[in-house]
Amino acid sequence: PTVAVVDDSRAVRQLLAATLASGGFEVEAVGDRSELFALLESRTVQAVVLDFHLYDDDGVSIAAALTDRYPELPVVRLSGVAGEDEKEAARKAGVRQVFDKSGLGDGAFLESLRRVVSGDAVVEEVTP
């Protein structure tokens, strides 16, 4: 399966791409909303992993736009810091799961993402 990764940090995109590739995913990594929507016009992906704290954009509005335009496309939130209000806003915007960046290397992230892509996941938070 192919996953789009959206993060404004090149280092995080590279880390995510390596982590996802090690788990058998193909990765298309982009840095912002416009790159993401351009990618989705030209390529089919099975999920979007979206950082909610982008330098010049709001991850909630990107998730809502994705859910509106591509209702069957799973969107998962990736964040290093998220309060309960932000998590609730993510769920309301259509996010299927919330992942904490600190837990990327423990295997739970990859397993949960596999469930999201296969359609077996329910909305939940995954923390280390």
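State the extension gain, in nm to one decimal, for the chain segment bounded by residue 115 and residue 53, taking 0.36 nm per residue of separation less the distance between their alpha-carbons. Walk me through the numbers on the way to the answer.
Details: separation 62, 0.36 × 62 = 22.32 nm, distance 2.44 nm.
Extending this stretch completely gives an extra 19.9 nm.
From the square roots a ≥ b ≥ c of the eigenvalues of the alpha-carbon gyration tensor of region 7-79, which class results: rounded (a/c under 1.5), prolate (a/b over b/c), or oblate?
Details: a/c = 1.64, a/b = 1.17, b/c = 1.40.
Oblate is the answer for region 7-79, as a/c is 1.5 or above yet b/c matches or exceeds a/b.
Mind checking the dipole of region 1-117: about its Cα centre, +1 per Lys or Arg Cβ, -1 per Asp or Glu Cβ, Debye to the nearest 20? Before the final figure, lay out each step's value.
Working: 13 positive and 20 negative charges, 77 e Å.
Dipole size: approximately 360 debye.
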Q. Highest mean first, what order results for 110-116, 95-101 on Cβ atoms within 10 Å?
A. 95-101, 110-116
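Every number in this text was worked out from the coordinates using simple rules, so none of it is lab data. Owing to the predicted nature of the structure, the values given are computational and were not obtained by experimental measurement. Every residue, glycine as well, gets a Cβ built from its backbone with ideal geometry; the counts of neighbours run over all protein chains shown.
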